[in-house]
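Everything on this sheet refers to the single structure shown next.
The values are calculated or read from the model by the stated rules, or taken from the named source; none is laboratory data. Model, not experiment: these values are computed from the prediction. Note: ideal-geometry Cβ built from the backbone for every residue, glycine included; neighbour counts use all protein chains shown.
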Amino acid sequence: MNIAEDRPRAAELVGNAATEARNRIVAVETIPLHIPLRGAFKISVGGVRPFLEVLLVRIRTADGLEGIGETQAWRRLGSVETLASLTEAIKTHLAPRILGRTPFDLPAIVRDMNIALDRSLYAKAPLLDALYDLQGKILGVPLYQILGGKARDKVGASAVVLMKDKLDDTLEGAQAFWDRGFRAFTVKIGENAANDHVNVREIRRRFPDVLIRVDANASMSFDGALALLKKIEPYDIESAEQMIAPWDLDGMAELSRRVTIQMMADECVATEQELLEVIKRRAATGIQTKISKNGGIWYCRKLWTIAAAADMRIYPGNHPTTSIGAAAVAHLAASWPGDLADGPFAMGISGNLEHDVVTEPLRFDGRLVPVPTGPGLGMTVDESAVSAMRVDR
Ligand SMILES: [Mg+2]
């Protein structure tokens, strides 16, 4: 018996005129959501945020299969989007490049979307990820198989320790993550240097073995950043993330030379060209990518490849996201052969969001996120949760 004859042949799934017609994309739907953030969610810029602005994108084929992708309108330096601007970019400029094609036209769609709209990575991300999700669903395999296969079953996540008014509350937040098994903390800093110093010192005192990073979200002056980094240098800080403005790469390089703490680039890298500039100027030796900021799996993988070639540390990250955005990173990480730091890619679902949008949210096994094994992203939308948080009807 020929085993190959028992399997669906590729042509039956993707490769002939009849299947092409079934896989043709007939609808691109945008779904704007407000998802309540738990507690007082605060970083150094933008005040307390009551809710997360999420835009889900659902792409449907003639066959009725649906691919899903996520982006966020997360305004701070380096991201200017609103739910309305994302929706308009997708409906008017990007969706017309997708309709009538199949998910396997993804590279051609990338090219044509770039002609239609330069950059606009926050708007392109959910579309590209939804196309990957559909490829997996059509072929009946998890997304990491579409990316070439799997190098790991679980992906390490870090905790984000948010700013609280009282030190005890900050430490309590850190303790809760430690108790759950997290061993890498991103400590948000940049609003008040004296408080930042105390927070970092006390976190180090309470958790002698934890890996500590600090993230100023681009809010500090060069002088302020240098002074604070000098003060916290003795506390064994693994890296300092985006201490100063995204455009001051020379300042970042100068900070790298003046302290032993390694610099990490976040807000200053949206595109491949921006990463090349960081590398050329030696402005950072680590990079954090985000599914929405960097244009989805397609572009994040390019950034990781460039970063790895420059021997940079790679931190899989995200703004707060639902399980959909976190699953996209999990599949990318699963397919990645090189080293990855425990990154904050699952911070939304590790404790910051009140609700998820899928029927079976990503689980945690301590600090590890098991990579979903269902077709595509492996996520099923929870229709009632989505309709309860929708803001366009
Ligand atoms: Mg950051």
Practice task
Enumerate the pairs (first residue in segment 148-164 and of a type in the set (K, R); second residue anywhere and at pLDDT 95 or above) with beta-carbon separation below 6 Å, excluding pairs fewer than 6 apart on the same chain, so at least 6 apart or on different chains.
Solution key: K150/Y144; K150/A334; R152/A334; K154/L368; K154/P370
Handout entry: Subset of segment 244-269 that is within 12 Å of the ligand (Cβ to nearest atom) and in contact (Cβ under 8 Å) with a residue 40 or more places away in the chain - its residue that is nearest to D196 (Cα to Cα)
Key = M264
Exercise for the section: Filter segment 315-325 down to the residues that are within 16 Å of the ligand (Cβ to nearest atom) and in a loop (DSSP other than H, G, I, E, B), then identify the one that is surrounded by the most Cβ atoms within 10 Å (Cβ to Cβ). Expected result: T321
Practice task
Looking only at segment 271-282, decide whether some residue is outside the structural domain of L121 (by TED's automatic domain parsing), assigned to a helix (DSSP H, G or I), under 16 Å from the mean Cα position of the chain (by Cα) and in contact (Cβ under 8 Å) with a residue 60 or more places away in the chain.
Solution key: no
Exercise for the section: Would you check if there is a residue in segment 197-209 being surrounded by 18 or more Cβ atoms within 10 Å (Cβ to Cβ) and assigned to a strand (DSSP E or B)? Expected result: no
Fill in the blank from the handout: Among strands (runs of 3 or more DSSP E) completely within segment 18-136, the ones holding 3 or more residues that are of a type in the set (G, A, S) are 25-42
Fill in the blank from the handout: Considering segment 330-360, residues that are in contact with a helix residue (DSSP H, G or I) (Cβ under 6 Å, 6 or more places away or on another chain), among the small types (G, A, S) and under 17 Å from L143 (Cα atoms), and then whichever is surrounded by the most Cβ atoms within 10 Å (Cβ to Cβ), we arrive at A334
Practice task
Filter segment 326-347 down to residues that are within 10 Å of the chain's Cα centre (by Cα) and either more than 20 Å from L127 (Cβ to Cβ) or more than 15 Å from the ligand (Cβ to nearest atom) (or both), then give me how many there are.
Solution key: 8
Practice task
Within segment 125-143, identify whether any single residue is free of Cβ contacts under 8 Å to residues at least 24 places away in the same chain, surrounded by fewer than 18 Cβ atoms within 10 Å (Cβ to Cβ) and either away from the ligand (no atom under 16 Å from the Cβ) or outside the structural domain of A253 (by TED's automatic domain parsing) (or both), and answer yes or no.
Solution key: no
Exercise for the section: Output the number of residues of segment 274-313 satisfying the condition of being within 14 Å of the ligand (Cβ to nearest atom), surrounded by fewer than 24 Cβ atoms within 10 Å (Cβ to Cβ) and closer than 14 Å to A330 by Cα. Expected result: 0
Handout entry: Unique residue being touching a residue at least 24 places away in the same chain (Cβ under 8 Å) and farther than 18 Å from I35 by Cα when the list is I306, I324, I349
Key = I306
Exercise for the section: Could you tell me whether segment 212-222 includes any residue that is farther than 29 Å from L276 by Cα and of a type outside the set (S, T, Y)? Expected result: no
Practice task
Of the conditions (1) under 22 Å from P36 (Cβ atoms); (2) of a type in the set (D, E, K, R); (3) touching a residue at least 40 places away in the same chain (Cβ under 8 Å), R367 clears all except one; give me its number.
Solution key: (1)
